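Following: one structure in C-alpha cells, then a few remarks.
The values are calculated or read from the model by the stated rules, or taken from the named source; none is laboratory data. Note that the coordinates shown come from a computational prediction; the quantities given were computed from them, not determined experimentally. Heads up, the Cβs are rebuilt from the backbone with ideal geometry, glycines too, and the neighbour counts pull from every protein chain shown. To get the accessible areas, we keep the full protein, side chains included, count just its heavy atoms, and leave off ligands, DNA and RNA. Shrake-Rupley method; radii C 1.70, N 1.55, O 1.52, S 1.80 Å.
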Amino acid sequence: MNNLLSAFRFAALPAGTNSFRAEVKAFLQSSFEPMPADIRARSWMGFNAAFSKKLAARGWVGVTLPAQYGGASLDAFSRFVLVEELLAAGAPVSAHWIADRQSGPQILKFGTEAQRQFYLPKICAAEAFFCIGMSEPNAGSDLASVGTRASRCEGGWRLNGHKIWTTNAQHCHYMIALVRSSGESQDRQKGLSQFIVDLALPGVTVRPIRDLTGDAHFSEVFFDNVLLADDALIGNEGSGWAQVNAELAFERSGPERVYSSIVLLEHWITCLRSTPAVSAHAATIGRFATHLATLRNMSIAVTAKLVNGESPLVEAALVKDIGTEFEQSIPVVIGAAIAMDPDALVDAELYRAVAYVSQIAPTYSLRGGTREILRGMIARGLGLR
C-alpha cells in the first residue's frame, strides 16, 4: 500500500508548460466559436473533423508522437495541458481523441515501421480517425472473454464477430480491435491479438446506437468474413492482452477522467455569481475545488510515470475510479441545488446542461473499465486479493 500511496505525492507540471498553456488558450479564444454550456458539455463526444484539422495544423494532434511521423515530439505533460484546456473550454475533441490518446502511441510502441509510416502521419494530420474495438455483447466487463475471432487464411486473416459501445465507429476510418486469434474463450488472456481494421472493408457493418441524450455516438460493429491483410496485426500474435493493458494506462489516467462534467460546474458557478445564493453554496463549491485539485495532482503524478516510460496500470485505475465518482457527483449535487431554489439559480442554458450531463453521467463508470473491474485491479495492486 505504501508503494501505491507514494505514487501520488505532490506532483506539478514542469514550468515549461506554462508558455504552452498560454498558447493553447490564445488559440481557443481566436478559433473556437462560443457555444452554450449544453453543447460544450458534449466535449468528449463532440465530433468535429474541421476543428480537429485546425488543431492538427498547429501540430496538436499526435502531440507526443515523434516529428519523423508528423507529431510534435512533445511529452505527456504537454498533452496533459492541451487536454485540460480543451476540456475546460468544452471544445469538440472526439474526432481525433482516441487516435491521439492511445491508438497512435499503441502503433508507435508495438507496430511495425511500415505501420508507423502509414498510419501515424495520417493521425497527426487529422486524416485518420480511430475507434476502439474492445467491448462485446456477451462479454460484459470481462474483456478476456471476447469471442470475435481472426482466423488464418490465404492472404491474411478472416475476421468474424461483433463489437458494441464503440465510440464514433460510424465516423471513423479504422478500429484497433482486440480479438481471439487462437484457442478458445476458456483460454482467457492467451491467444488474444490486436488488429487494425479498415472500417471501409467489405463485410464491416456499423449500426449507431441512440442513447438517452438523443445522441448516437456509440455503435455496434459487425464483422462478416472480413479479409484482413497480414500487416493488420499489431505486435505479435497472441500478445494482445499485454498490449491492451498498456493501452488502457493511457486511456484511464489523463485529465479526461476528471473533467467530463467541468463545463456544467463552471456554468453553475457563473450563474450563482449573479445571485445572493452564491454564499449558500460556497462550501459545496469549495469541496468540488478541493476534490478537483487532489484528482488533478493524482493525474499529473500518473502522467509523470508515463513520461518516465512506466506503465502505471494500478495508479491509472485508481485515478479513473475516483475521478468517475467526482464527475458523476457534479450533476447530482447541482440538480439537487436547482430543485431547492430554481428561481434563484437557473437559466435555460443551465437547465439544458444539467439535463444532458445527468443523462450521460452513468456511462462514466462504464467507459474505460467498469468500477468493479477497476477496484479488482486496485485490490490486486494493494495485495488484497
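Only helices enter this figure: runs of n ≥ 4 DSSP H residues, each worth -39500 (n - 2.57), summed and divided by the residues of the chain, yield -14500 deg cm²/dmol at 222 nm to the nearest 500. Solvent-accessible area per residue in segment 298-349 equals 38 Å², computed with a 1.4 angstrom probe and all protein chains kept. Computed from Cα atoms, the angle from the helix 313-340 axis to the main principal axis of the chain rounds to 40 degrees.
Taking all Cα pairs closer than 8 Å and separated by 6 or more residues, the relative contact order of segment 91-232 comes to 23 percent. If I take every Cα pair under 8 Å that is 6 or more residues apart in the chain, average their sequence separation and divide by the length, what percent do I get for the relative contact order? Here the relative contact order equals 18 percent. Counting only the Cα atoms, segment 250-380 fills a convex hull of 101 Å³ per residue. Loop-located trypsin sites (Lys or Arg not before Pro) in segment 203-275 (DSSP state other than H, G, I, E, B) with a sparse environment of at most 10 neighbouring Cβ atoms within 10 Å: Arg210. What translational diffusion coefficient, to the nearest whole µm²/s, does the chain have by Stokes-Einstein, given a Kirkwood radius computed over alpha-carbon pairs, a temperature of 10 °C and 1.306 mPa s viscosity? D = 73 µm²/s.
A simple rule links phi to the HN-Hα coupling: the Karplus curve 6.51 cos²θ - 1.76 cosθ + 1.60 with θ = phi - 60°, which for segment 222-227 gives 10, 10, 10, 6, 6, 8 Hz, with x for Gly and Pro. For the chain, with all protein chains present and a 1.4 Å probe, just round the carbon and sulfur fraction of the accessible area to a whole percent. Carbon and sulfur: 54 percent of the exposed surface of the chain.
Entry comment: accessible area of segment 120-255 is 40 Å² per residue, from protein heavy atoms only and a probe of 1.4 Å. Taking label points 7 Å from Cα along the Cα-to-Cβ direction, Ala282 and Cys153 give a separation of 6.9 nm. Between the C-alpha center of segment 350-385 and that of segment 98-168 there is a gap of 23 Å. Accessible area per residue for segment 56-116 is 28 Å², calculated with a 1.4 Å probe on protein heavy atoms, without ligands, DNA or RNA.
Taken over segment 1-159, the ratio of Cα radius of gyration to 2.2 N^0.38 Å equals 1.22. Report note on the peptides 43-55, 23-35, 119-131: ranked by the mean count of other C-beta atoms within 10 Å, highest first, their order is 119-131, 43-55, 23-35.
The mean of 1/r over all pairs of different alpha-carbon atoms in segment 79-128, once inverted, gives a Kirkwood hydrodynamic radius of 11.6 Å. Close amide H contacts of Gly133 (hydrogens built in the peptide plane, cut-off under 5 Å, sequence separation of 5 or more or a different chain): Ile176, Ala177, Leu178. Other residues lying with their Cβ under 13 Å from the Cβ of Ile338 contribute a combined charge of -3, Lys and Arg counting +1, Asp and Glu -1. Pairing the Cα long axis of helix 371-381 with the longest principal axis of the chain, what angle in degrees results, from 0 to 90 and rounded to the nearest 10? Between helix and principal axis, roughly 80 degrees. Each label was represented as a point 7 Å from its Cα along the Cα-to-Cβ direction; for Ile209 and Arg352 these points are 2.7 nm apart. For segment 1-156, averaging the sequence separation of C-alpha pairs within contact (under 8 Å, six or more residues apart) and dividing by the residue count gives a relative contact order of 24 percent. Taken about its Cα centre, the chain carries a charge dipole of about 520 debye when Lys and Arg each add +1 at the Cβ and Asp and Glu each add -1 at the Cβ.
Helix 17-31 versus the longest principal axis of the chain: what angle, 0 to 90°, nearest 10, using Cα atoms? It is inclined by approximately 80 degrees.
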